[in-house]
């Protein structure tokens, strides 16, 4: 259990990233300029126009599927770790097999969900993931 928590902690640190530069408070712009710059950096050109709910839901699904992929990777690494450190113990080998099998089944379900999301989004007319071409 501690190993899983350590893996999740490391993944969280990797996701948060390390800042590229240090900003000093001497030339700090106003909070409104900072909010506008953040919105522009996030791809929001005009905050007064409403966001299409279909695009928003597709974006949320994309984020959820990304987290499932991260969990799959963590479970696969954990199952491999159990297999390598089993030293011939049948119980640990069976446990690692179950973990890896569950991870692969979860990946298959996730890929199926991604396919359904893309198909429905294409039919509805919104892109599930504008950064990638399907």
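Would a scan of region 26-45 turn up a residue that is surrounded by 14 or more Cβ atoms within 10 Å (Cβ to Cβ), assigned to a helix (DSSP H, G or I) and at pLDDT 65 or above?
Just the residues of region 26-45 that are surrounded by 14 or more Cβ atoms within 10 Å (Cβ to Cβ), to begin with: 36.
Pick out the ones that are also assigned to a helix (DSSP H, G or I) and you get 36.
Add one more test, that the residue is at pLDDT 65 or above, and what stays is 36.
Yes, that holds for at least one residue.
Mind counting the residues in region 75-116 that are under 19 Å from residue 1 (Cα atoms) and assigned to a helix (DSSP H, G or I)?
Total meeting the criteria: 23.
Quick check on this structure: which one of 132, 72, 67 is outside any helix (DSSP H, G or I) and either modelled with pLDDT under 90 or within 20 Å of residue 8 (Cβ to Cβ) (or both)?
Details: 72 fails: outside any helix (DSSP H, G or I); 67 fails: outside any helix (DSSP H, G or I).
That would be 132, the only listed residue that is outside any helix (DSSP H, G or I) and either modelled with pLDDT under 90 or within 20 Å of residue 8 (Cβ to Cβ) (or both).
The values are calculated or read from the model by the stated rules, or taken from the named source; none is laboratory data. Treat the numbers as computed from the prediction; the structure is a model and nothing was measured. For neighbour counting, all protein chains shown are included, and Cβ atoms are generated from backbone atoms with ideal geometry for every residue, glycine included.
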